[in-house]
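Single-structure report; data block below.
Just so it is clear, none of the values below were taken in a lab; they were calculated from the coordinates. These numbers come from a predicted model, not from an experiment. Note: ideal-geometry Cβ built from the backbone for every residue, glycine included; neighbour counts use all protein chains shown.
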């Protein structure tokens, strides 16, 4: 139970509740659990500081009968008034919900009396009587204007630009890809910039935008949720916004009245039920805890809430009922302040059993909660840690974010690590065993050259293929995200540029495909070319399913042989399609696999569709026309090569992988020697294309 001071109040005892008050100490370990039959009650017997907007939740082991003729649920206040409301049966009839017609009055004691209930099998369900206390004062709910946005239907200020480029708006958070050995897929990185101008970004592993949108205020938790739709918290709405695959508004998710919507996490399940973290503000005399405490301090408690798709509360769990305020880490909590944040719940996850895992940053604790009863199953980290941590070189985590249990018994978390000595941020995973009460270190994902330290925010995500994505947020090294293989090998790194301001609360990776506009066929296959140097064209129809027109304003091709021939901008009328022409111009023999984006843009937003591109030439071997004025040694190479140019004019060199992917370019001055580093190049064949004056040469280089 919480050790908060209780307000002095006059308690009106109801005769039918006498036996209940005698036995109230039975609930000290888990107040929501009444007995083995009534396994969850909210509010629980004798609960205090209850939100006046709450509904009642009564859960029984036997499902309630759909026939409610004999059931009598009486809800009264201490003024002897009977309070009206509606009864709903939820969760296969195991949950009986009472929805009051009006909020309860502040300071009231509410009595609940249930009689005459029967189960679906015809058994009598035992009577129930209890009471609880409504808090004496309220924090007014935040008023929110309904959001009716989505992608704008009118495209203005179109600039004609050449094909194979995107013109991105001022303030767009450019960044650099420092390492990328990943193949292109339909998985994209989701980020939302936190400072400067605010952008939502969906980008591929080459850093090319699949979607972007500038927003008026900061957005957090930008992701594809468990129901398949995009969700994010928008500060100007004080609520979570949901978008469909055409980036159109679907709905808002927000806290119940009497609470504020916490911006850290929203989970929307496939069945439509959703989970939020809600903030509640309680006035507390902190001088009872610390000498310097404020007698009128505002203490923030957190309410974990599950609702159905209609917003009916199915389950609540309050930190007030389970955590001690003084368990907050004194390195992070100022107990003398006018506002005291002692837990800072920043993530929710639902495990394979349906139980709930939460992260409380300022407790340095992960907490597993029984979904049925509200009982705490275990606590990892913090002053109430129940586990021996085995094999962890940093001996645990501190001020953490984004706790997940993706596999049974394997817990992952982003360890901000600001209180390690020295500070050290990382993603970390543990095998959690409640038989031995050991949490065994499994893997750590960090960057030690130099050590990255992230103070606020951060994320760790395990992908289906076992790879791990770490979102670094704010750090001196300006790292945005790193993707690792399960063994810790880096496969992608994204860095901020000096003006990028890409500091995202979380950096996540999801499979995603837009339906705002789309090709009739995803793949354009050019087949075989007889000879390198020839050009083949293929038309592709792009479908606009919307009533309004779409203007395609830009394009991008991932490798040089593929390009868009159609001039832009080009309008696709509503409920229609438009032909675009792609071309294939291979320089060398080989198989070519790439992709192209077509983008529609306005001043603040851009949406792309993706085309998969394939083409081949007959494998006759590549004919090199090598310049005698250029020497490359050694060949084959391992990590670096020496290039000697003896020509009397400058020579521009472009390096391609045999697939056609451009690796880079540089210029050699007359009679210049240069050393190039090939670390990070994957083994294979590379083509050096040299141009000097009107002459062009090609030379093959093998990377071992």
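Using a Debye calculation, one point per C-alpha and no hydration shell, please list log10 I(q)/I(0) for the range 402-558 at q = 0.09, 0.19 Å⁻¹ in order.
Normalising to I(0) and taking log10 leaves -0.49, -1.13.
Treat the count of other C-beta atoms within 10 Å as a stand-in for reagent exposure and order 134, 350 from fewest to most.
350, 134
Whole-Å semi-axes of the range 15-133's equivalent ellipsoid, largest first, each the root of 5 times a Cα gyration tensor eigenvalue?
22, 17, 13
Grab the beta carbon distance between residue 654 and residue 702, set R0 = 22 Å, and tell me the FRET efficiency rounded to 0.05.
Between residue 654 and residue 702 the formula returns 0.80.
Divide by every residue of the chain the summed helix terms, -39500 (n - 2.57) for each DSSP H run of at least 4, and state the resulting mean residue ellipticity at 222 nm, rounded to the nearest 500 deg cm²/dmol.
Result for the chain, helices only: 0 deg cm²/dmol.
Taking every pair of alpha-carbon atoms in the range 508-577, what share in percent sits in each 10 Å bin, from 0 to the bin with the longest distance?
P(r) over the range 508-577, rounded to whole percents: 15, 42, 30, 12, 1.
For the range 240-368, would you read off the P(r) tail past 23 Å as a percentage of all alpha carbon pairs?
So the pairs more than 23 Å apart make up 38 percent of the total in the range 240-368.
What is the Cα coordinate range of the chain on the first, second and third principal axes, sorted by size from largest, in whole angstrom?
Computed over the chain, the largest-to-smallest principal extents equal 105, 59, 46 Å.
Where does each of 356-364, 281-289 land if you order them by average Cβ count within 10 Å, highest first?
Final packing ranking: 356-364, 281-289.
With r as the distance between the Cβ atoms of residue 37 and residue 269 and R0 = 22 Å, compute the FRET efficiency 1/(1 + (r/R0)^6) and round to 0.05.
Given R0 = 22 Å and the Cβ-Cβ separation, E is 0.25.
Report, as a whole number in µm² per second, the diffusion coefficient that Stokes-Einstein gives for the range 544-611 at 37 °C and 0.692 mPa s using the Kirkwood radius over alpha carbon pairs.
249 µm²/s
For the range 361-481, what log10 I(q)/I(0) values come out of the Debye formula at q = 0.10, 0.12, 0.21 1/Å, with one point per alpha carbon and no solvent?
Taking Cα atoms of the range 361-481 as identical point scatterers yields -0.29, -0.42, -1.23.
Multiply the residue gap between residue 339 and residue 101 by 0.36 nm, knock off their C-alpha separation, and tell me the result in nm, one decimal place.
Full extension of this stretch gives 82.3 nm more.
Across the range 175-511, what fraction of all alpha-carbon pairs, as a whole percent, falls in each successive 20 Å bin from zero upward?
That works out to 31, 61, 8, in percent per bin.
Counting each pair of different Cα atoms once, what's the Kirkwood radius of the range 324-367 in Å, rounded to one decimal?
About 11.3 Å for the range 324-367.
Taking R0 as 56 Å, what's the FRET efficiency between residue 72 and residue 591 from their Cβ-Cβ distance, rounded to 0.05?
0.15
Per 5 Å bin from zero, what fraction in whole % of the C-alpha pairs of the range 630-703 is there, up to the bin with the longest pair?
Result returned by the calculation: 4, 16, 29, 28, 15, 7, 1.
From the Cα trace of the range 552-704, what convex hull volume per residue do you get, rounded to a whole Å³?
Once divided by residue count, the hull of the range 552-704 is 154 Å³.
Express in nm, to one decimal, how much length is gained between residue 677 and residue 575 on full extension, taking 0.36 nm for each residue of separation and deducting their alpha carbon distance.
31.6 nm
Between residue 477 and residue 182, what length comes free when the chain is fully extended (0.36 nm per residue of separation minus the Cα-Cα distance, one decimal in nm)?
Full extension of this stretch gives 103.9 nm more.
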